[in-house]
Amino acid sequence: MSSLPVGSEAEALSDVAPSTTEFLAAVAARQLAGRHRVFAGVGLPTLAVELARRTTNPDVELVYESGICGAQPEGLAEGIADSVLVSGAAAALGMPALFGYVLQGGHVDVGFLGAAQVDRWGSLNTSFIGDWDKPAVRLPGAGGAAEIMSNAAECVVVLRRHDPGSLPAQLDFCTSPSPVRAHAEDPRMEPPGHGVSTVITPMAVLRRPDKLGELVISEVHPGHTADEVRDATGWNIPVADDVRKTARPTAEEVRLLREEIDTVRLYLR
């Protein structure tokens, strides 16, 4: 179980205090139960996948944008081109094969994406913050996110912030459009993938169960309320009828992250 009813006294409490990164990684790892192939980047997504391998899904297969499929790294990678990813991997593909056959071929169950902004429909901004002519912050851009959004069966986004700036009513720029936005432009262009199904933040888990629907508050983390989550969101986000309280990371999940997965604190902080 990834969550418990709000107010449940049966909530399993860890005897350690997880950091925000550990909390997000544990919640993200639980989303991978029953999934087979995950297209993920380095950083927090890697922590989540490695934790899932040791808990909810020992058979999960990791694909990196550099073309590495079935990665079995002995240590955490510092980038998608890190040589540690190659040893033991099932295959190393060129970009045309990776995106053309694996991703567009419908062989990716979950795409793990990051973003600076997410809107109510699950569209992402990873380009810039502020005005087009004079942005306050320039960001890395799309990378492969638009293709992952369109072709993975579903996408999970992890945000390190939950405020109206990261969850605005309107994106400063749309880098990766959701199926909703694509459908609005031209119904014939609706992509095969669901788009963003889950957004995990430091306050809550937001879900988008309908491919052409909007995000709703599905789970609220301990120490927060649905009203607080709504107030910290840039639009009047609905609350699910069966909203639940997120289960805290267990002591074993935190131990695995600290003592087996990221012993050098490359991404844990």
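Since every read-out is calculated from the coordinates, none of them should be taken as a lab result. What you are looking at is a predicted structure, and each value in this text was computed from that prediction instead of being measured. Every residue, glycine among them, receives a Cβ derived from its backbone with ideal geometry; neighbour counts consider all protein chains shown.
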Plugging the Cβ-Cβ distance of Q170 and Q72 into 1/(1 + (r/R0)^6) at R0 = 25 Å yields, to the nearest 0.05, a FRET efficiency of 0.05
Restricted to the stretch 11-261, the DSSP antiparallel beta bridge percent, nearest 5, is 50
Among G79, A48, L103, the residue whose Cα sits farthest towards the positive end of the charge dipole of the stretch 11-261, when +1 is placed on the Cβ of each Lys and Arg and -1 on the Cβ of each Asp and Glu, is L103
Under 12 Å by backbone N from the virtual spin label 7 Å along Cα-to-Cβ at W132, the residues of the stretch 158-197 are 173-174
Charge tally for neighbours of T201 with beta carbon under 10 Å away, counting Lys, Arg as +1 and Asp, Glu as -1, is +1
Within the stretch 58-81, the residues whose backbone N lies under 16 Å from a label point placed 7 Å from the Cα of A92 along the Cα-to-Cβ direction are 63-75, 77-81
Note to self, the chain gives a 222 nm [θ] from helices alone (DSSP H runs n ≥ 4, -39500 (n - 2.57) apiece, / all residues, nearest 500) of -5000 deg cm²/dmol
Magnitude of the Cβ-charge dipole (Lys and Arg +1, Asp and Glu -1) of the stretch 11-261 about the Cα centre, nearest 20 debye, reported as 100
In units of 2.2 N^0.38 Å, the Cα radius of gyration of the chain is 0.98
If every Lys and Arg gets +1 and every Asp and Glu gets -1 at its Cβ, then about the Cα centre the stretch 22-108 yields a dipole, in debye to the nearest 20, of 300
Residue separation between A33 and R181 times 0.36 nm, minus their alpha-carbon distance, gives in nm 50.4 nm
Note: A81 to T20 extended length (0.36 nm per residue) minus current alpha-carbon separation gives 19.3 nm
Plugging the Cβ-Cβ distance of D231 and R255 into 1/(1 + (r/R0)^6) at R0 = 30 Å yields, to the nearest 0.05, a FRET efficiency of 0.30
